[in-house]
Amino acid sequence: LSPSTTDVVIALGERKALVGVDQYSQVLSGIGELPSLGGLFAPDLERALELRPTLVLGVRSESQAAFFAQLRARGVRVQEIDSSGSLEQVLATYSQIGKELGREPEARALVARVREQLAEVSRSVEGLGRPSVALVVEREPLYVVAGGSFASALIELAGGRNVFDDLTGAYPQVSLELLAERAPEVLIDSTREPTTGTEAQSEAHRYWSRYGFVRRVEIVAPGVATLPGTRLAEGAQILRARLHPEQAWSRTP
């Protein structure tokens, strides 16, 4: 019941075991025609029970607690996955899901593969400057990526320095005054879907140009660097391209 969890299940070779997913998982490659149980925080209990799952994988959250309790009361085994923390915590969810599915060797291989992909991104920025970065996940009110999130590690691997790395939590709300005080060299806006041409970039520039402390604005699609799953290296590569556009991506032999 989350795209990141569904992504891991597929990567571990258990696509055929899936009997239903949340609506956001349905856009994933290889998912096919599976029943939708609705949104992440309002899944359809009746439909879930009709599918007779032996295991439900969901996101640990207060908003889903009642749903999980109702499933357990009806004898359905539920495993709550917490992938909202650090990079190591996200990688640990691969092993957690692998254990539940009897795919522990595949999970270890997946962890190793993603680690190597991330290391490749990191190697590609060796010797480059490291601009200070603020990654905005919501504009009004203002929410940013902080040190408690795996996204902060992706910024570092992509050759940047997160100006909010010292803040606790994953995505805290901050003030414009604090953003101005931290004065990032690059502000990455991940609050809007990129569109064709330069429309999205222009809109972001218009929005942030109201603030004199904003020096350079880049955009990425929502979730590119903030959705856990198996595509962490892709997020790091996109961040790298925004932070170091003058340095072409060169894969390490």
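The values are calculated or read from the model by the stated rules, or taken from the named source; none is laboratory data. Source: prediction; values computed, not measured. Neighbour counts run over all protein chains shown; Cβ positions are idealised from the backbone, glycine included. When the accessible area is computed, the model is the full protein with side chains, heavy atoms only, and any ligands, DNA or RNA have been set aside. Shrake-Rupley method; radii C 1.70, N 1.55, O 1.52, S 1.80 Å.
Rundown of residues vs (1) over 22 Å from residue 227 (Cα atoms); (2) of a type outside the set (Val, Ile, Thr); (3) touching a Cys at 6+ places or on another chain (Cβ under 7 Å), yes/no style:
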position	(1), (2), (3)
8	no, no, no
14	no, yes, no
23	no, yes, no
29	no, yes, no
32	no, yes, no
45	yes, yes, no
53	yes, yes, no
63	no, yes, no
69	yes, yes, no
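Go through the stretch 74-84 residue by residue and tally those that are outside any strand (DSSP E or B), within 19 Å of residue 110 (Cα to Cα) and of a type outside the set (Ser, Thr, Tyr).
Total satisfying the criteria: 1.
Considering only the stretch 189-213, state which residues are of a type outside the set (Ser, Thr, Tyr), in contact (Cβ under 8 Å) with a residue 12 or more places away in the chain and surrounded by fewer than 19 Cβ atoms within 10 Å (Cβ to Cβ).
Answer for the stretch 189-213, where residues must be of a type outside the set (Ser, Thr, Tyr), in contact (Cβ under 8 Å) with a residue 12 or more places away in the chain and surrounded by fewer than 19 Cβ atoms within 10 Å (Cβ to Cβ): 192, 193, 194, 200, 201, 205, 208, 213.
Across the stretch 35-50, what is the total count of residues that are loosely packed, with under 14 Cβ neighbours inside 10 Å, in a loop (DSSP other than H, G, I, E, B) and more than 21 Å from the chain's Cα centre (by Cα)?
Result for the stretch 35-50: 0.
Please work out which one of (1) touching a residue at least 24 places away in the same chain (Cβ under 8 Å); (2) closer than 30 Å to residue 10 by Cα is the condition residue 109 fails and give its number.
(1)
Just need a number here: residues in the stretch 56-71 that are over 21 Å from the mean Cα position of the chain (by Cα) and open to solvent by 20 Å² or more (accessible area, probe 1.4 Å).
Number of matching residues: 4.
Which one of these does residue 92 not meet: (1) farther than 26 Å from residue 248 by Cβ; (2) in contact with a helix residue (DSSP H, G or I) (Cβ under 8 Å, 6 or more places away or on another chain); (3) free of Cβ contacts under 8 Å to residues at least 60 places away in the same chain?
(2)
Can you find even one residue in the stretch 233-246 that is touching a Ser or Thr at 6+ places or on another chain (Cβ under 8 Å), free of Cβ contacts under 8 Å to residues at least 60 places away in the same chain and outside any strand (DSSP E or B)?
No; the residues of the stretch 233-246 include none that is touching a Ser or Thr at 6+ places or on another chain (Cβ under 8 Å), free of Cβ contacts under 8 Å to residues at least 60 places away in the same chain and outside any strand (DSSP E or B).
Consider residue 175 against the criteria (1) in contact (Cβ under 8 Å) with a residue 40 or more places away in the chain; (2) farther than 25 Å from residue 247 by Cα: it satisfies all of them except one. Which criterion is unmet?
Of (1) in contact (Cβ under 8 Å) with a residue 40 or more places away in the chain; (2) farther than 25 Å from residue 247 by Cα, only one is false for residue 175: (1).
For the stretch 98-136, how many residues are touching a Lys or Arg at 6+ places or on another chain (Cβ under 8 Å) and not polar (S, T, N, Q)?
Residues flagged as touching a Lys or Arg at 6+ places or on another chain (Cβ under 8 Å) and not polar (S, T, N, Q) within the stretch 98-136 amount to 9.
Looking only at the stretch 161-177, filter to residues that are of a type in the set (A, V, I, L, M) and in contact with a strand residue (DSSP E or B) (Cβ under 9 Å, 6 or more places away or on another chain); which one of those is most open to solvent (accessible area, probe 1.4 Å)?
167
How many residues are farther than 26 Å from residue 241 by Cβ and exposed (fewer than 14 other Cβ atoms within 10 Å of the Cβ) if we restrict to the stretch 72-103?
Result for the stretch 72-103: 7.
Checking residue 158 against (1) within 17 Å of residue 241 (Cα to Cα); (2) in contact with a Gly (Cβ under 9 Å, 6 or more places away or on another chain); (3) open to solvent by 10 Å² or more (accessible area, probe 1.4 Å), which test does it fail?
Status for residue 158: all satisfied but (3).
Conditions (1) touching a Pro at 6+ places or on another chain (Cβ under 6 Å); (2) touching a residue at least 12 places away in the same chain (Cβ under 8 Å); (3) over 22 Å from residue 74 (Cβ atoms); (4) not β-branched (Val, Ile, Thr), marked per residue:
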residue	(1), (2), (3), (4)
13	no, yes, yes, yes
20	yes, yes, no, yes
24	yes, yes, yes, yes
28	no, yes, yes, yes
35	no, yes, no, yes
43	no, yes, no, yes
47	no, yes, no, yes
52	no, yes, no, yes
56	no, yes, no, no
